Every structure is written in C-alpha cells, then in structure tokens.
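Asks: Here it is, the structure in full.
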C-alpha cells in the first residue's frame with residue numbers, strides 16, 4: 001500500500017480486517033477507510049510457536065463456507081465504495097466478494113491456507129473439507145502474485161522479492177531514543193507481533209556489554225540498564241527497530257524475515273517445527289541471509305547467549321535494488337491505471 005502511494009498519492013484503500021486500525025495509521029501515510037471484519041481464521045495460536053489445531057477446526061467449522069447473505073452485503077458495500085480491485089493477502093473472503101460484485105481480485109501470497117492445513121489432516125480429518133473449499137476459492141482469483149520465500153510455486157502472474165514495510169527513521173536516531181550507548185551492540189528479540197512473557201530477563205541483564213530490545217515485553221516503555229522493554233504497540237516502528245539492531249533473535253515468520261532481509265542484519269531464528277511454512281522460510285534464510293538456528297527450548301531458556309558472539313560476527317548485507325513491495329505496486333498500478341506510468 002505504501003509503495004502504491006509512492007507511485008500515486010491519489011489512490012485510496014478500503015481495508016476490511018480485524019488487524020487494529022493503529023497498525024495502518026502507523027504504517028501507511030495514504031488515505032484509507034477502515035472496516036472491522038473477520039476475514040480469515042488462519043491458525044489459532046496457543047503460543048507464538050505452537051498452534052491449537054482443535055480450536056482452529058472449531059472456528060473453521062463456524063466460519064466456512066462463507067455465509068451467502070454476508071457475501072452479498074459485502075459485495076454491495078464494495079460497489080457503493082466504487083472499488084476497482086480487491087486485493088487479498090491470503091484471506092480468501094475477498095475472492096468470494098469480488099466474484100459476487102463482478103470486480104477483479106488479486107491474490108498475494110507466499111502460501112495459501114489449504115496448503116498449510118494439509119499438514120494437520122492426520123491430526124483432524126475434518127480439515128479435508130475446508131482444504132477443498134479454500135483451494136477452489138484461491139484458484140478463482142483473477143490475478144495471482146507469489147512473494148519470496150514461496151512455499152508452493154505455481155503459475156503466477158508475478159513472482160517478487162520479499163515484501164516488507166520500509167524503515168522510516170535512521171538507526172542512530174532510534175538507538176539514541178532507546179539510550180543505547182554509541183558503539184554498543186544491540187539485539188532485538190521479537191516473536192512476530194504476538195505478546196509473550198519471558199523468564200530470561202535476569203540472564204540478559206548479566207550480559208551488560210550488549211543491549212537487548214524486546215517489543216511486547218512491557219505495558220510501557222521501560223529502559224533499565226541494558227534491557228529495553230517495549231509495549232506491543234509503541235511509538236517505535238518495527239522495521240526501524242530491526243534496522244537499528246546488530247542482530248535479531250526471534251520466531252521465523254514472514255514479516256519478520258522480510259524486514260530482517262532488507263535490513264541485512266544476522267538472524268538468530270527460531271523455527272516452528274509443526275508449521276509447514278517454517279520449513280520453507282528456514283531454507284531461504286540458510287541460502288540468502290546471515291543466520292544461526294535456535295531451538296524453541298534454547299530460546300526460552302536463553303541457552304543461545306553463549307552463541308551471541310558467533311551471531312554478531314556474521315556480516316551485515318547491504319541490499320539495494322527493487323523491493324518486492326515496489327514490484328507489486330507497479331503491477332497493480334498497471335492494472336488499474338495502465339497508461340499513467
């Protein structure tokens with residue numbers, strides 16, 4: 001969205017989601033309307049690293065197939081808003097609405113839920129019905145873009161580099177605000193936007209020559225000695241925190257991986273063994289990014305601390321050239337305004 005705004009500031013977006021409004025206000029400088037709507041179930045998480053499959057199936061059973069009356073009403077709303085294109089970021093409801101409203105739709109994905117759910121068929125056979133329904137929806141998209149790292153390659157209209165938000169504030173300004181002394185190494189610990197309770201603060205505090213920045217670890221900004229604890233929603237833009245760090249330690253998830261990829265910093269990555277996407281992301285990290293693997297047990301016990309010198313010794317990569325978001329923005333702009341660029 002931001003990349004499209006850079007191309008054409010006259011564009012307006014209507015966002016249908018339950019992602020908090022503040023996320024878009026913090027990330028996007030263009031015009032948008034916000035409509036609170038549950039559009040996707042995905043996976044219900046017990047913790048950042050473990051999914052609750054029975055609860056996921058329970059919610060899917062209530063959510064799918066989509067209610068025809070609701071889809072009709074949403075299609076009418078789309079028509080009233082005069083939308084030219086519906087863009088779906090793996091939430092397939094928009095595809096059903098687009099078909100009803102006779103509006104083209106674009107699917108942007110590095111995986112689809114039918115592919116993810118296949119991993120859990122042995123655990124709960126009821127996934128099979130949802131897999132078939134979702135696969136037919138995803139295949140009905142007018143256009144399809146796949147973004148690296150791609151989990152299940154297909155005949156897409158466009159394949160792009162990773163997609164992430166761009167940094168806004170120079171690293172030195174972020175480090176100054178966080179009171180990180182000049183020349184001191186800083187490690188960002190992140191679990192991908194899911195709040196988590198950590199029990200390793202005392203162990204981190206003993207490593208006084210390194211500063212640790214931990215989003216989602218406090219209700220307010222708390223800076224004490226070498227520990228910087230931030231609330232889940234703070235004035236600090238996550239891509240800026242990544243860029244201002246000397247390394248990142250945390251869960252392997254798409255948005256975190258993409259932000260680290262463009263910042264070029266080393267990644268101490270914690271994979272989710274039972275999440276199918278995670279395997280593909282790890283292969284990408286191993287081939288394209290400086291990083292070291294950390295197990296879930298090692299992460300929560302802080303057993304990774306002795307490996308910090310090895311992680312910090314990895315070279316930072318300076319990435320230049322076209323970004324995935326810019327590739328997508330040009331593709332979409334050509335769809336809706338083909339003669340203006």
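The values are calculated or read from the model by the stated rules, or taken from the named source; none is laboratory data. None of these values were measured; they are calculated from a predicted model. Cβ: placed from backbone, ideal geometry, glycine included. Neighbour counts: every protein chain shown.
Asks: Within the stretch 92-123, take every residue that is in contact (Cβ under 8 Å) with a residue 40 or more places away in the chain and within 20 Å of residue 68 (Cβ to Cβ) and give me the one that is surrounded by the fewest Cβ atoms within 10 Å (Cβ to Cβ).
Replies: Restricting to residues being in contact (Cβ under 8 Å) with a residue 40 or more places away in the chain and within 20 Å of residue 68 (Cβ to Cβ), the top hit is 99.
Asks: Among residues belonging to the stretch 232-258 that are under 21 Å from residue 297 (Cβ atoms) and outside any loop (DSSP other than H, G, I, E, B), point out the one that is farthest from the chain's Cα centre (by Cα).
Replies: 247
Asks: Okay, moving on. Quickly run through the stretch 294-311 and pick out the residues that are touching a strand residue (DSSP E or B) at 6+ places or on another chain (Cβ under 8 Å), under 15 Å from residue 191 (Cα atoms) and not in a helix (DSSP H, G or I).
Replies: The answer is 294, 295.
Asks: Which one of the conditions (1) without any contact (Cβ under 8 Å) to a residue 12 or more places away in the chain; (2) surrounded by 12 or more Cβ atoms within 10 Å (Cβ to Cβ); (3) farther than 20 Å from residue 129 by Cα does residue 25 fail to meet, given that it meets all the rest?
Replies: Here residue 25 meets the rest and fails (2).
Asks: State all residues of the stretch 5-32 that are closer than 23 Å to residue 238 by Cα and either part of a loop (DSSP other than H, G, I, E, B) or over 18 Å from the mean Cα position of the chain (by Cα) (or both); if no residue qualifies, say none.
Replies: 5, 6, 13, 18, 19, 20, 28, 29, 30, 31, 32
Asks: Anything in the stretch 274-288 that is surrounded by fewer than 18 Cβ atoms within 10 Å (Cβ to Cβ) and not in a helix (DSSP H, G or I)? List them, or say none.
Replies: Across the stretch 274-288, the qualifying residue is only 274.
Asks: Sticking with this structure for a sec: Specify which of the listed residues (263, 244) is buried (at least 16 other Cβ atoms within 10 Å of the Cβ), touching a helix residue (DSSP H, G or I) at 6+ places or on another chain (Cβ under 8 Å) and under 17 Å from residue 161 (Cβ atoms). Write out each step before concluding.
Replies: Numbers: 244 fails: under 17 Å from residue 161 (Cβ atoms).
Matching residue, one of 263, 244: 263.
Asks: Could we say that residue 317 is within 25 Å of residue 214 (Cβ to Cβ) and either within 15 Å of the chain's Cα centre (by Cα) or modelled with pLDDT of 95 or more (or both) here?
Replies: Judged against the criteria, residue 317 is a match.
Asks: Kindly establish whether residue 131 is farther than 22 Å from residue 237 by Cβ, surrounded by 13 or more Cβ atoms within 10 Å (Cβ to Cβ) and without any contact (Cβ under 8 Å) to a residue 24 or more places away in the chain.
Replies: Yes: the conditions hold for residue 131.
Asks: Can you tell me how many residues within the stretch 155-184 are surrounded by 19 or more Cβ atoms within 10 Å (Cβ to Cβ) and either in contact with a helix residue (DSSP H, G or I) (Cβ under 7 Å, 6 or more places away or on another chain) or not assigned by TED's automatic domain parsing to the domain that holds residue 240 (or both)?
Replies: Matching residues across the stretch 155-184 total 8.
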